[in-house]
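I have placed the structure first, in the form of structure tokens, so that the comments after it can refer back to it.
The values are calculated or read from the model by the stated rules, or taken from the named source; none is laboratory data. In this text the structure is predicted, and so the values were computed from the model without any measurement. Cβ sites come from the backbone with ideal geometry, for glycine too, and all protein chains shown count toward neighbours. The area values use the complete protein model at the heavy-atom level, side chains included, leaving out ligands, DNA and RNA. Shrake-Rupley method; radii C 1.70, N 1.55, O 1.52, S 1.80 Å.
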Amino acid sequence: MTNFPIVRMRRTRQNEKLRGLVRETHLEVSQLIYPLFIAEGLDKPREVPSMPGIMQWPLEHLGREAERIASLGIPAVLLFGIPNEKDEVGSQAYHPEGIIQQAMRRLKAETPDLLVITDVCLCEYTSHGHCGVISHGSVENDESLKLLAQMSLSHVEAGADIVAPSDMMDGRVGAIRRTLDEHGFSSTPIMAYSAKYASGFYGPFREAAGSTPQFGDRRSYQMDPANVREALREIDLDIAEGADIVMVKPAMAYMDVIRQVRDHCDLPIAAYNVSGEFAMIKAAAQNGWIDERRVTMEVLTGIRRAGADMIITYFAPEVASWLKEK
């Protein structure tokens, strides 16, 4: 027996106003973070071929783009640097006049209300493309921590509001927290890439950031896509070391992980809607196979429904414009 015709689930689906009243999950501009690639040696913005509409920005053009982002109501950007010079220890990552340090000072001068988050990882700055120091052909965990902490400190000294370590070295959140606290930056939050998987969805990003490993891969330090209990252990360790926000990356194929992390802890959760996810939707839309706006909004709403409080996404400007039209 059912309660039909007394119960009719379609009653609250009849029009948009009714659907809006009973909607359980809301996607807002205030939940979006937009990644920006800042490159040395450019005289004009350069589009990333595998990411339609996404640019590598020279410093001279960064202010106008930041103003556009702020005008759309997007609260924060996540910065990635592409230096002219790379070496074995990624020294440009923590140089006071590095590309990201210069970019932050410019952003804070021109758009002071825009939150600036910086990605903390050596891969864009090392000649070998790995996320830490190499010794005898492998990434050395403990030796890398000193450089990551130094990089974080240089970012905060240049004006970063939040640092986001993405390297997946064990103990890096604690090393960064201690270094920031020792230098008077105890109020600066850490957004930890806590559950970062060794994913095939990162390909376009590596083109955008010039961070493809020159040998091997990152599976010895990024997580196995098959594991979720391990993700919860990573989350617990980062929280214990002082993380203020935890992240799951990628997002679309890992919504179950986002949900388990949401049920597991009370910290704010970020989810990274990564480059490959962006590129797939763009490519399908350009071929006329899907409605880009509808699918994008559905995917990001799904990430929110899974439990993410904030979403890092290359769709942020488009979504902000679409939400304003509502």
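Residues that are closer than 19 Å to Lys86 by Cβ: list the strands (runs of 3 or more DSSP E) wholly contained in segment 96-189 that include at least 2 such residues.
Answer list for segment 96-189: 115-120, 133-135, 138-140.
Quick check on Asp181: is it over 21 Å from the mean Cα position of the chain (by Cα) and modelled with pLDDT of 95 or more?
Spelling it out, Asp181 is indeed over 21 Å from the mean Cα position of the chain (by Cα) and modelled with pLDDT of 95 or more.
If I go through segment 189-199 residue by residue, how many of them are open to solvent by 20 Å² or more (accessible area, probe 1.4 Å) and more than 23 Å from Ile134 (Cα to Cα)?
1
When you scan segment 205-228, do you find a residue that is touching a strand residue (DSSP E or B) at 6+ places or on another chain (Cβ under 7 Å), surrounded by fewer than 18 Cβ atoms within 10 Å (Cβ to Cβ), farther than 24 Å from Glu88 by Cα and modelled with pLDDT of 95 or more, even just one?
Yes, that holds for at least one residue.
List the pairs whose first member sits in segment 310-324 and is in a strand (DSSP E or B), whose second member is crowded, with 23+ Cβ neighbours inside 10 Å and basic (Lys, Arg), and whose Cβ atoms are under 9 Å apart, counting only residues at least 6 apart or on separate chains?
Correct list of pairs: Ile312/Lys249.
Do you know which residues across segment 237-275 are open to solvent by less than 10 Å² (accessible area, probe 1.4 Å), closer than 16 Å to Tyr202 by Cα and not aromatic (Phe, Trp, Tyr)?
Met247, Val248, Pro250, Ala251, Ala271, Asn273, Val274, Ser275
All but one of (1) open to solvent by 40 Å² or more (accessible area, probe 1.4 Å); (2) modelled with pLDDT of 95 or more hold for Asp43; which doesn't?
All conditions are met except number (2).
Looking at Gln56, Gln14, can you tell me which residue is in contact (Cβ under 8 Å) with a residue 24 or more places away in the chain and of a type in the set (S, T, N, Q)?
Exactly one of Gln56, Gln14 is in contact (Cβ under 8 Å) with a residue 24 or more places away in the chain and of a type in the set (S, T, N, Q), namely Gln56.
Return yes or no: is Asn287 touching a Ser or Thr at 6+ places or on another chain (Cβ under 6 Å) and either farther than 25 Å from Ala231 by Cα or open to solvent by less than 20 Å² (accessible area, probe 1.4 Å) (or both)?
Values: touching a Ser or Thr at 6+ places or on another chain (Cβ under 6 Å): no; either farther than 25 Å from Ala231 by Cα or open to solvent by less than 20 Å² (accessible area, probe 1.4 Å) (or both): yes.
No: the conditions fail for Asn287.
Pairs under 7 Å by beta carbon, first residue under 11 Å from Pro317 (Cα atoms) in segment 23-35, partner open to solvent by less than 90 Å² (accessible area, probe 1.4 Å) and among the hydroxyl-bearing types (Ser, Thr, Tyr), six or more apart or different chains?
Taking only residues 6 or more apart or on different chains, the pairs are Leu32/Thr313; Pro35/Tyr314.
Mind telling me which of the residues Val173, Val163, Val120 ends up being modelled with pLDDT of 95 or more, surrounded by 19 or more Cβ atoms within 10 Å (Cβ to Cβ) and within 21 Å of Ile69 (Cα to Cα)?
Val163
Looking at segment 134-144 only, could you name the residues that are buried (at least 22 other Cβ atoms within 10 Å of the Cβ) and within 22 Å of Glu182 (Cβ to Cβ)?
Within segment 134-144, Ser144 is the sole residue that qualifies.
State whether one or more residues within segment 13-24 are modelled with pLDDT under 95 and over 29 Å from Met310 (Cβ atoms).
No: segment 13-24 contains no residue that is modelled with pLDDT under 95 and over 29 Å from Met310 (Cβ atoms).
For a quick check of your reading: which helices (runs of 4 or more DSSP H) sit entirely within segment 193-296 and have at least 2 residues that are over 27 Å from Tyr125 (Cβ atoms) and acidic (Asp, Glu)?
Ranges flagged: 229-241, 255-264.
Within segment 75-109, how many residues turn out to be open to solvent by 20 Å² or more (accessible area, probe 1.4 Å) and of a type outside the set (S, T, N, Q)?
Start the filter on segment 75-109 by keeping residues that are open to solvent by 20 Å² or more (accessible area, probe 1.4 Å), which leaves 75, 82, 84-89, 91-92, 94-97, 102, 105-106, 108-109.
Still in the list and also of a type outside the set (S, T, N, Q): 75, 82, 85-89, 94-97, 105-106, 108-109.
The total comes to 15.
Would you mind telling me which numbered condition in (1) open to solvent by less than 80 Å² (accessible area, probe 1.4 Å); (2) under 17 Å from Ala66 (Cα atoms); (3) of a type in the set (Ser, Thr, Tyr) Ser30 fails?
All conditions are met except number (1).
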